[in-house]
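Have a look at the structure below, then the notes.
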Amino acid sequence: MKNLSAFLAGALFSVGLTISGMTDPQNVIGFLDISGQWNPSLMLVFCSAVIVTGIGYRLVLKRQAPVFEAQFSVPTNRVLDGRLMTGSAIFGIGWGLVGLCPGPALSSISAGDSGVYIFLIAMVGGMLLQRNVSAFIDAQNNPVVSA
Amino acid sequence: MNTTIIVQSLLGGTLIGAAAVLLMFTLGRISGVSGITSGLLSLNLKKNDLWRLAFIIGLISGPVIYASAGGRLPELTVDTRLPYLIAGGLLVGFGSTLGSGCASGHGVCGIARISPRSLVATVIFVAAAMATVFFTR
């Protein structure tokens, strides 16, 4: 049941992206291009998604626990750190370069566009690279003290 | 913008929201696509992580199911420049993992929870993306 509900949530998510046209990078670039022909449709998609999620979360989080798990796994970190800001800026530059981000890219796999595949392979590479770089930096900052 | 686009945008956004609420209601999880994906890139995956794979298979299958039910799939205009695709993918993967979220996790779910981290992240990545488009197009 857990996997079925995750599957349904994923499918619903990508159908929403498809119907709203957000799987097409051109619509995303159109929104980001404020000095050109501005396309506000992303704003409408975003606002309706946030309103539905906001109301739904409020109702759901009143429960003791989700249906199939013992507890909610909601982030509790409230610290605005350098990692959050640097990471978001780097993500934004990549997003602006091609108009693709993880959700729409994965939702477009069935379209068979080789550009999407190249993007996804590079994206997974970037995720793996980040892990190794962060692990390296952490190791430099917190050297193991030998006895 | 015509009425059709407005209706499609609002309907699509509502479905995205419904998907996020469904995942929170059933598994208590945030629908952050970058986090769900990067959680799978581990050498010691546990049975507990299977839902991540199910969510991604759902993401991939959604448009196929929609099309087989008679839905019309939009044309995709994807960049064909190899350096842009590679750099874009690397930066999106690296940045979303470092910043703990992308447009779905921070943008939709985080702002819906009024999380200060997600608000800051979203303002930064939208601004960075707009600046990038301004300088590259």
Report summary line: Flagged in the stretch A:31-53 as closer than 27 Å to B:Ser61 by Cβ and open to solvent by less than 40 Å² (accessible area, probe 1.4 Å), in numbering order, are A:Phe31, A:Ser41, A:Leu42, A:Val45, A:Ser48, A:Ala49, A:Val50, A:Thr53
Query raised in the report: Going through the stretch B:35-64 one residue at a time, which ones are facing chain A (nearest Cβ under 9 Å), in contact with a Ser or Thr (Cβ under 9 Å, 6 or more places away or on another chain) and more than 19 Å from A:Leu120 (Cβ to Cβ)?
Result: B:Trp51
Requested in this report: Can you confirm whether the stretch B:8-21 contains a residue that is of a type outside the set (Ser, Thr, Tyr), surrounded by 22 or more Cβ atoms within 10 Å (Cβ to Cβ) and more than 7 Å from chain A (Cβ to nearest Cβ)?
Outcome: no
Requested in this report: Inspect the stretch B:6-18 for any residue being in contact (Cβ under 8 Å) with a residue 40 or more places away in the chain and of a type in the set (Ser, Thr, Tyr) and give the result as yes or no.
Outcome: no
Report task. Starting from residues that are polar (S, T, N, Q) and free of Cβ contacts under 8 Å to residues at least 40 places away in the same chain, keep the ones in the stretch A:97-122 and report whichever is farthest from the other protein chains (Cβ to nearest Cβ). Result -> A:Ser114
**Report entry** Hey, B:Val92 in contact with a Pro (Cβ under 6 Å, 6 or more places away or on another chain) and surrounded by 24 or more Cβ atoms within 10 Å (Cβ to Cβ) or not
**Finding:** no
Query raised in the report: Can you tell me which residues in the stretch A:28-46 are within 17 Å of the chain's Cα centre (by Cα) and more than 7 Å from every other protein chain (Cβ to nearest Cβ)?
Result: A:Val28, A:Leu42, A:Met43
Report summary line: The number of residues in the stretch A:1-36 that are in contact with a helix residue (DSSP H, G or I) (Cβ under 7 Å, 6 or more places away or on another chain) and over 24 Å from B:Phe25 (Cα atoms) is 12
Requested in this report: Can you tell me which residue among B:Thr122, B:Thr97 is facing chain A (nearest Cβ under 7 Å), crowded, with 18+ Cβ neighbours inside 10 Å and polar (S, T, N, Q)?
Outcome: B:Thr97
Query - Selection status of A:Trp95, closer than 26 Å to B:Pro74 by Cβ and loosely packed, with under 14 Cβ neighbours inside 10 Å - result: no
Query raised in the report: facing chain B (nearest Cβ under 7 Å), without any contact (Cβ under 8 Å) to a residue 24 or more places away in the chain and among the basic types (Lys, Arg) - does that describe any residue in the stretch A:56-65?
Result: no
Report summary line: Over the stretch B:34-59, the set of residues within 12 Å of the chain's Cα centre (by Cα) and either within 18 Å of A:Gly21 (Cα to Cα) or assigned to a loop (DSSP other than H, G, I, E, B) (or both) is B:Leu59
Query raised in the report: Residues B:Ser38, B:Ser61, B:Ser68: which one is in contact (Cβ under 8 Å) with a residue 40 or more places away in the chain and either out of contact with any strand residue (DSSP E or B) (no Cβ under 7 Å at 6 or more places or on another chain) or farther than 22 Å from A:Leu44 by Cα (or both)?
Result: B:Ser38
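The values are calculated or read from the model by the stated rules, or taken from the named source; none is laboratory data. As the structure is a computational prediction, the values presented were derived from the model and not from experiment. All Cβ positions, glycine included, derive from the backbone under ideal geometry; neighbour counts span all protein chains shown. Areas reflect the complete protein model, heavy atoms only, side chains present, ligands, DNA and RNA absent. Shrake-Rupley method; radii C 1.70, N 1.55, O 1.52, S 1.80 Å.
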